[in-house]
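**Q** One structure coming up, written as structure tokens, with questions to follow.
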Amino acid sequence: MEIAPLVRGAYLAARNVPVILSPSDEAELDLSVESVDQLAGAFPVELPDTVAVTVAGERHAFRAHTVGAVSPLPHGKDAEASAAEPRSRVVAGKVALVTGGAQGFGAEIVRGLVASGAFVYIADLNADGAAKLADELGPHTAALTVNVADEESVAAMTGQIAATTGGLDLVVSNAGIVRAGSVLEQDASAFRLTTDINYVAFFLVTKHLGGLMAAQRRTAPTWTTDIVQINSKSGLVGSNKNGAYAGSKFGGIGLVQSFALELVEHGIKVNAICPGNFLDGPLWSDPDRGLFVQYLRSGKVPGATTIEEVRRFYEAKVPLNRGTYGSDVMRALYYLVEQEYETGQALPVTGGQVMLSS
């Protein structure tokens, strides 16, 4: 087991604020135990900024620091319902990760989290795009190259995170693709690819990054973390000639509910956000593979002969008469992190296009 998340958990418990845990060449405190299982009871109530832990003769030294100025947030019965703090404060100083973070909704989420004071891993198969965004946003980001549908790649990413920051507070599982097509015509390979990236990958991300969060919890028994899946309105209602996508998203909500039941014992809340159509992002607007082009070619919009006609068709479906913005999703994300009494939920952010019903 990685030592770093256990040490980070000790700092979380001692200071009640999120910290970055980095390797160190020095230590103000040295602890020694025979096994990892003894670590939970080895840390003093107050911890200096640098500490070394020797486990079975192997020494690991770390430095803890915060991202900017952060202070403990009220929680539980002591939190006042009338508190007027900006909701975005709930992620200040936290270590977050966004899969598919180099473009589209993912990039919007990365920007929002960084602006709110979080340290953010931009995890994407698009290594150049992730690195470019990290360079643009500055030192409180790190680019990670990952194929979320490949377990070895996700496991390697998890090891990088443990070595770089010691652990995580928030995972946003955003990576996804759409391959629209009629069930009578779609290739099975396109169906499987959609399922692997939208469904199987969420299992892999939760398995490995959830394991990192659970390790922290062993030494921080009151620290709560979050896994949020960016799902879709198509996870709540079927989608004509887009069954692969809708099926993977429906399945994702089943995983969210199931993982929420299991991971609650590790202090991990698992929820989903189900956005409407992000019409201005590359998923829809890419001139070669975007959904406007796909839907025009597949005849999904009856009578449409131009991309603009396809766009207006989808805008007209929304009572608020527009597509979803990144800011809409960020408000939902802040709510789910802030709300201690919510897990296993699928929160619609659709402008009224899809409404929950019993």
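**Q** Over region 251-358, calculate the relative contact order: mean separation of alpha carbon pairs under 8 Å at least 6 apart, over the residue count, as a percent. Walk me through the intermediate numbers first.
**A** Numbers: 133 pairs, mean separation 40.6, N = 108.
So the answer I get is 38 percent.
**Q** So which of Lys132/Lys233; Lys207/Lys249; Lys132/Lys317; Lys94/Lys207; Lys132/Lys300; Lys249/Lys300 end up more than 28 Å apart, counting from Cα to Cα?
**A** In this structure, Lys132/Lys233; Lys132/Lys317; Lys132/Lys300 exceed 28 Å between Cα atoms.
**Q** Which order do the peptides 181-190, 246-255, 134-143 take when ranked by the mean count of other beta-carbon atoms within 10 Å per residue, highest first?
**A** Values: 181-190: 11.7, 246-255: 20.5, 134-143: 15.6.
Output ranking for 181-190, 246-255, 134-143: 246-255, 134-143, 181-190.
**Q** Scan around Leu144 for amide H atoms under 5 Å from its own, H built in the peptide plane at 1.01 Å from N, and keep only partners 5 or more places away or cross-chain.
**A** Ile122, Ala123, Asp124
**Q** Quick one: angle between helix 201-219 and the longest Cα principal axis of the chain, in degrees between 0 and 90, rounded to 10, please.
**A** Long axis of 201-219 versus the principal axis of the chain: about 20 degrees.
**Q** Which FRET efficiency value, to the nearest 0.05, do you get for Asp280 and Thr222 by plugging their Cβ-Cβ distance into 1/(1 + (r/R0)^6) with R0 = 41 Å?
**A** Details: r = 41 Å, r/R0 = 0.99.
Using R0 = 41 Å, I get an efficiency of 0.50.
**Q** So what is the relative contact order of the chain, in percent, for Cα pairs below 8 Å that sit 6 or more residues apart? Each step should come with its number before you reach the end.
**A** Values: 716 pairs, mean separation 56.9, N = 358.
Reported relative contact order: 16 percent.
**Q** Another question, then. Give a residue-ordered list of calculated ³J(HN,Hα) values for region 320-332 (Karplus: 6.51 cos²θ - 1.76 cosθ + 1.60, θ = phi - 60°; whole Hz; x for Gly, Pro).
**A** Result, ordered by residue: 7, 6, 7, x, 7, 9, x, 5, 5, 5, 4, 4, 5 Hz.
**Q** If amide hydrogens are placed 1.01 Å from N in the peptide plane, which non-local residues have theirs closer than 5 Å to the one on Ile177?
**A** Result for Ile177 returns Asn198.
**Q** Same structure again: Pick out, from Ala316, Leu47, Asn147, the residue whose Cα sits farthest towards the positive end of the charge dipole of the chain, with +1 on the Cβ of Lys and Arg and -1 on the Cβ of Asp and Glu.
**A** Working it through, the farthest residue towards the positive pole turns out to be Ala316.
None of the figures in this text is laboratory data; all of them are computed from the coordinates on show. None of the values given here were measured: they were computed from a predicted structure. Positions of Cβ are generated from backbone atoms using ideal geometry, with glycine treated the same way; all protein chains shown enter the neighbour counts.
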